[in-house]
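Here is the structure we will look at, set down as structure tokens.
The values are calculated or read from the model by the stated rules, or taken from the named source; none is laboratory data. Being a predicted model, the structure only gives us computed values, none of them experimental. Glycine also receives a Cβ, built like all others from the backbone with ideal geometry; neighbour counts cover every protein chain displayed.
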Amino acid sequence: MKYVVTGSLGNISRPLAEKLVAAGHEVIVVSSNSGKTGQIEALGAKAAIGSVEDVAFLTSTFLGADAVYTMVPPNFGAAKWKQYIGGIGENYAEAIHASGVKHVVNLSSIGAHMPEGCGPVSGLYFVEKALNALESVNVKHLRPGFFYPNFLSNAGMAKHMGVIGGNYGEGTLLTLVYPGDIAEAAAEELLKLNFRGKSVRYVMSDEKTTHQVAEILGKAIGKPDLQWVNFKDEETLGGMIQAGVPEEIAKNFAEMGGAIRSGEMISDYLKNKPAEFGRTKFETWAPVFAAAYAQY
């Protein structure tokens, strides 16, 4: 089988490519960075260097593939982030149609049922919409939760302020996922290729409230009394901008936090929970946070 994996050597794409290569398949990894070519080839894969903004490049790369794994790479320089994300989805759809690919595993997100009000995830709503419009193409949308490594941005706050927090609310349930568990799910879908039509699979590793997150991370860094602090949306926005996050990106992240707080972001997930969670629990990952904390 021939697979194309987008996302270069990211936290999901790299282990996914490794699993597909280990299973004996031909794997092409898409990257915009020519400097990654050697690392990609060291995995036993082939490198396709180009931009996901280039439909002709995507089409030529997808030709002859049995299946592709699609994801929208982060672009924090986008003037209109949601529209950019949706536009990449349209690029993928056009290239998939032109190249004749019949199976797609697409990295989406919990909350992608929301066409507005969920920050960058609302952009993924339109990615799903573009791929779902393809005729005679089988698409599996993976909707993972909040990535464990996202908490690494709180390590400095924990070190210098003695708290962690966000605008997610007090005691709010967070649906959490380890990137490696997403790679496992993607590999399973790609190796089996038994999905038909358009469907969604939620991928989750753990569920914790904001207070439980603080307790677990606090224990890991030797501060068992670490508290979760809920910030107002405007405080979250201002803090990110002050930290150097572009205003467009900060606005979208603050909006997503509001969707987490309201519960709307997980509303569809709660109706369609996966039968099994990933293997890596949040407590198992906490030492990674502790290592980042120690660097401050």
Inset, instruction - Please work out which residue is surrounded by the most Cβ atoms within 10 Å (Cβ to Cβ), limiting yourself to region 47-57 and to residues that are in contact with a strand residue (DSSP E or B) (Cβ under 8 Å, 6 or more places away or on another chain) and assigned to a loop (DSSP other than H, G, I, E, B). - result: Val52
Legend entry - Condition check for Gly166: in contact with a Leu (Cβ under 7 Å, 6 or more places away or on another chain), more than 18 Å from His141 (Cβ to Cβ) and among the small types (Gly, Ala, Ser): no
Legend entry - Subset of region 58-93 [outside any helix (DSSP H, G or I), of a type outside the set (A, V, I, L, M, F, W, C) and buried (at least 23 other Cβ atoms within 10 Å of the Cβ)]: Tyr69, Thr70
Inset, instruction - Would you please name the residue that is farthest from Ala292 (Cα to Cα), looking only at residues in region 119-136 that are over 20 Å from the mean Cα position of the chain (by Cα) and in contact (Cβ under 8 Å) with a residue 12 or more places away in the chain? - result: Ser136
Legend entry - Hits in region 1-46 (condition: crowded, with 19+ Cβ neighbours inside 10 Å and either in contact with a Pro (Cβ under 7 Å, 6 or more places away or on another chain) or assigned to a strand (DSSP E or B) (or both)): Tyr3, Val4, Val5, Gly7, Ile12, Val27, Ile28, Val29, Val30, Ser31
Inset, instruction - Could you give me the residue pairs with C-beta distances under 9 Å whose first residue belongs to region 61-83 and is closer than 18 Å to Ala93 by Cα, whose second residue is surrounded by fewer than 13 Cβ atoms within 10 Å (Cβ to Cβ) wherever it lies, and which are 6+ apart or on separate chains? - result: Lys82/Glu116
Legend entry - Candidate set from region 126-166 (those that are hydroxyl-bearing (Ser, Thr, Tyr) and surrounded by fewer than 22 Cβ atoms within 10 Å (Cβ to Cβ)); member that is nearest to Val200 (Cα to Cα): Ser136
Legend entry - Verdict on Ala259 being within 18 Å of Pro224 (Cβ to Cβ) and modelled with pLDDT of 95 or more: no
Inset, instruction - Go through region 107-149 and give me each residue that's more than 17 Å from Phe277 (Cα to Cα) and among the β-branched types (Val, Ile, Thr). - result: Val121, Val127, Val137, Val139
Legend entry - Listing of strands (runs of 3 or more DSSP E) fully contained in region 137-194 that carry 1 or more residues being of a type outside the set (Lys, Arg) and over 20 Å from the mean Cα position of the chain (by Cα): 138-144, 163-166
Legend entry - Yes/no for Ser99 being hydroxyl-bearing (Ser, Thr, Tyr) and surrounded by fewer than 20 Cβ atoms within 10 Å (Cβ to Cβ): yes
Inset, instruction - Please tell me if Gly171 is in contact with a helix residue (DSSP H, G or I) (Cβ under 9 Å, 6 or more places away or on another chain) and on the phi > 0 side of the Ramachandran plot. - result: yes
Inset, instruction - Could you grab me the full set of residues in region 94-109 that are in a loop (DSSP other than H, G, I, E, B) and within 30 Å of Ala250 (Cβ to Cβ)? - result: Ser108, Ser109
